[in-house]
1. Residues in region 152-172: is at least one farther than 30 Å from residue 192 by Cβ, free of Cβ contacts under 8 Å to residues at least 24 places away in the same chain and under 28 Å from the mean Cα position of the chain (by Cα)?
2. If we scan region 107-117, do we find a residue that is part of a strand (DSSP E or B), loosely packed, with under 12 Cβ neighbours inside 10 Å and either outside the structural domain of residue 11 (by TED's automatic domain parsing) or at pLDDT 80 or above (or both)?
3. Would you confirm, using the coordinates I've provided, whether residue 12 is in the same structural domain as residue 79 (by TED's automatic domain parsing), outside any helix (DSSP H, G or I) and either at pLDDT below 80 or under 30 Å from residue 81 (Cα atoms) (or both)?
4. In region 47-79, which residue that is touching a residue at least 24 places away in the same chain (Cβ under 8 Å) and in a loop (DSSP other than H, G, I, E, B) is farthest from residue 32 (Cα to Cα)?
5. Please work out which residue is surrounded by the most Cβ atoms within 10 Å (Cβ to Cβ), limiting yourself to region 15-44 and to residues that are assigned to a loop (DSSP other than H, G, I, E, B) and at pLDDT 75 or above.
6. Of the residues that sit in region 167-193 and are farther than 22 Å from residue 98 by Cα and in contact with a helix residue (DSSP H, G or I) (Cβ under 9 Å, 6 or more places away or on another chain), which one is modelled with the highest pLDDT?
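The values are calculated or read from the model by the stated rules, or taken from the named source; none is laboratory data. All figures in this text were calculated on a predicted structure; none of them were measured in a lab. Because the Cβ atoms are built from the backbone with ideal geometry, glycine has one as well, and the counts that use them run over all protein chains shown.
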């Protein structure tokens with residue numbers, strides 16, 4: 001009953017406030033308010049100590065009430081705020097990055113291509129997509145749609161150096177720079193037009209397969 005009352009008054013349940021962080025957001029420097037209230041407290045103490053017309057216990061009680069009121073006033077001046085972290089349905093966007101390269105058609109577990117899992121889980125009628133859609137606004141993005149972008153992703157993933165040189169007709173999209181940054185890599189883009197035909201011929205092309213059995217299907221993806 002008490003939890004329900006707190007939720008009605010403060011919008012959230014008590015468990016949410018237990019996970020919150022208390023902070024202050026005063027409209028002016030906090031030191032000004034603290035000094036002003038401290039001076040008022042000092043004046044109150046001085047007045048009640050020097051007053052001899054009331055019994056000692058009355059002065060102590062009134063002084064305690066006055067100091068308590070000033071403390072509450074100072075607390076209000078500092079504008080306390082409670083930062084609550086919670087997920088509001090349909091307010092948070094979940095980006096789903098789908099690999100659209102031909103490698104997704106390689107047979108994987110249970111003799112099914114990798115794209116089959118993506119369709120079953122994240123398709124329009126997928127169970128995982130339905131569960132995520134209850135809490136998030138889902139936006140689908142496809143990346144690595146061209147051969148240069150697939151090679152760039154491989155370079156970002158397998159490079160032992162921090163800088164990955166990307167030679168292509170167009171600069172890499174922002175998503176690739178984001179992925180590289182999260183992996184501690186940096187993309188150095190070189191327009192292919194800046195390289196002479198003689199230099200391009202000296203570039204060696206090497207294809208690395210993960211196992212011998214990939215040789216049977218490699219011809220479908222390397223050209």
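1. No, the conditions are met nowhere in region 152-172.
2. Yes, the conditions are met somewhere in region 107-117.
3. On the way: in the same structural domain as residue 79 (by TED's automatic domain parsing): yes; outside any helix (DSSP H, G or I): yes; either at pLDDT below 80 or under 30 Å from residue 81 (Cα atoms) (or both): yes.
Judged against the criteria, residue 12 is a match.
4. The residue in question is 79.
5. The selected residue is 26.
6. Result: 186.
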